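Note sheet for the following structure.
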Amino acid sequence: MGRWIIISCVAFALGGCSGGIFDARGPVGAADAKILLDAVGIMLVIVVPTIVGTIFFAWWFRASNARAHYRPDFVYSGRIEIIVWAIPLLVILFLGGVIWIGSHMLDPFQPISSPNKPIRVQVVSLDWKWLFIYPDQGIASVNEIVAPVGTPVHFFLTSASVMNAFFVPQLGSMIATMNGMVTQLYLQADQPGDYLGESAQFSGDGFAGMHFTLRAVPQAGFVQWIATAQQTGPELDKAAYETLQEQSQGVRPSTYRAVAPNLFDAIVKRQIPPSAASQVAATGPGARPVGGH
């Protein structure tokens, strides 16, 4: 009953919101929302009594209450000390347990249990846009991901500029993208639809518009999108990538019909240096460029 009261209060407070973490559309997002609600419920065990106690003491020990005892020499009570320390300690223990279990269950490297083979997507955060490479299909897209419903997506993420953060609120698990490093993440959309993806870490002038869309479509729609992408658009070779990585804002979604071999690895290993503007953003004016000597 207590849990339903908490959920009802949160639902009432967020009744006008949609597309957020409490509107989960995948197993990871649902697990994230559950952990958050459980943590709030545990913390309310100490927050609510504290608020009620504060109001009660202020009312009971008011100047006009003749029944309240004035005890200026009172300094210690073992029973009160036990209550004061025991409740916070229990709250910390419960919160620690929830966090410990959740951190292992939602390990970004942990594959999602599914009969479907995961789709591999390599992610590169740029200034101020997102590049998505499908290595098994040999195509790439900008500011748009298309994935089959009910199929896990295995993301490999890096940054070609400053540190950033990849986040699809309805699917869960924000994760950092870092220059010269690769992080991994598994996500899955259980319902078809368009899901907002965004940058969750400030990265300069174009940060506010650094969004993308994750489109969850039926398997047939995914196959059709792949076939269309393989026949249209330019090729993402080294020259095209160097043009793409230049700082730009408001970039519309687009696709590349082919991708240069091992392009993602070359970006991670800094074999393709960041643009001059990105180097300044990453290191600051007058500093040594990233990967420079």
Kindly indicate the residue of the stretch 177-199 that is of a type in the set (Gly, Ala, Ser) and surrounded by fewer than 17 Cβ atoms within 10 Å (Cβ to Cβ) and also nearest to Ile272 (Cα to Cα) among those meeting that condition. Gly180
When you scan the stretch 89-130, how many residues do you find that are buried (at least 18 other Cβ atoms within 10 Å of the Cβ), under 17 Å from the mean Cα position of the chain (by Cα) and not small (Gly, Ala, Ser)? 6
Among residues belonging to the stretch 221-279 that are of a type in the set (Val, Ile, Thr) and over 29 Å from Gly204 (Cα atoms), point out the one that is surrounded by the most Cβ atoms within 10 Å (Cβ to Cβ). Ile226
Which of the residues that make up the stretch 112-151 are in contact with a strand residue (DSSP E or B) (Cβ under 9 Å, 6 or more places away or on another chain), more than 23 Å from Asp237 (Cβ to Cβ) and polar (S, T, N, Q)? Asn116, Thr151
If Gly96 satisfies every condition in (1) in the same structural domain as Leu36 (by TED's automatic domain parsing); (2) more than 24 Å from Ala30 (Cα to Cα) but one, which is the exception? (2)
Out of (1) within 20 Å of the chain's Cα centre (by Cα); (2) modelled with pLDDT under 90; (3) of a type in the set (A, V, I, L, M), the one Val149 does not meet is (2)
If Arg25 satisfies all but one of (1) over 26 Å from Ile92 (Cβ atoms); (2) touching a helix residue (DSSP H, G or I) at 6+ places or on another chain (Cβ under 6 Å), what's the number of the condition it fails? (2)
Among the residues of the stretch 33-62, count how many are over 16 Å from Leu95 (Cβ atoms), at pLDDT 85 or above and aliphatic (A, V, I, L, M). 4
Cβ-Cβ under 8 Å pairs, at least 6 apart or on other chains, the stretch 90-109 side hydroxyl-bearing (Ser, Thr, Tyr), far side surrounded by 14 or more Cβ atoms within 10 Å (Cβ to Cβ): none
When the stretch 51-85 is examined, which residues are found to be surrounded by 10 or more Cβ atoms within 10 Å (Cβ to Cβ) and among the hydroxyl-bearing types (Ser, Thr, Tyr)? Thr54, Ser77
Given the condition assigned by TED's automatic domain parsing to the domain that holds Val251 and among the acidic types (Asp, Glu), answer yes or no: does some residue in the stretch 118-128 qualify? yes
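Looking only at the stretch 132-142, decide whether some residue is at pLDDT 90 or above, closer than 26 Å to Ser203 by Cβ and charged (D, E, K, R). Spell out how you get there, then give the answer.
Step one: list which residues in the stretch 132-142 are at pLDDT 90 or above, which gives 132-142.
Still in the running and closer than 26 Å to Ser203 by Cβ: 132-135, 139-142.
Then keep just the ones that are charged (D, E, K, R); that gives none.
No, the stretch 132-142 contains no residue that is at pLDDT 90 or above, closer than 26 Å to Ser203 by Cβ and charged (D, E, K, R).
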Within the stretch 180-190, is there a residue that is under 19 Å from Ala260 (Cα atoms), assigned to a strand (DSSP E or B), hydrophobic (A, V, I, L, M, F, W, C) and touching a Pro at 6+ places or on another chain (Cβ under 8 Å)? no
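The values are calculated or read from the model by the stated rules, or taken from the named source; none is laboratory data. Predicted model only: the values in this text are computed from it and were never measured. Note that each Cβ is placed from the backbone with ideal geometry, even for glycine, and that neighbours are counted across all protein chains shown.
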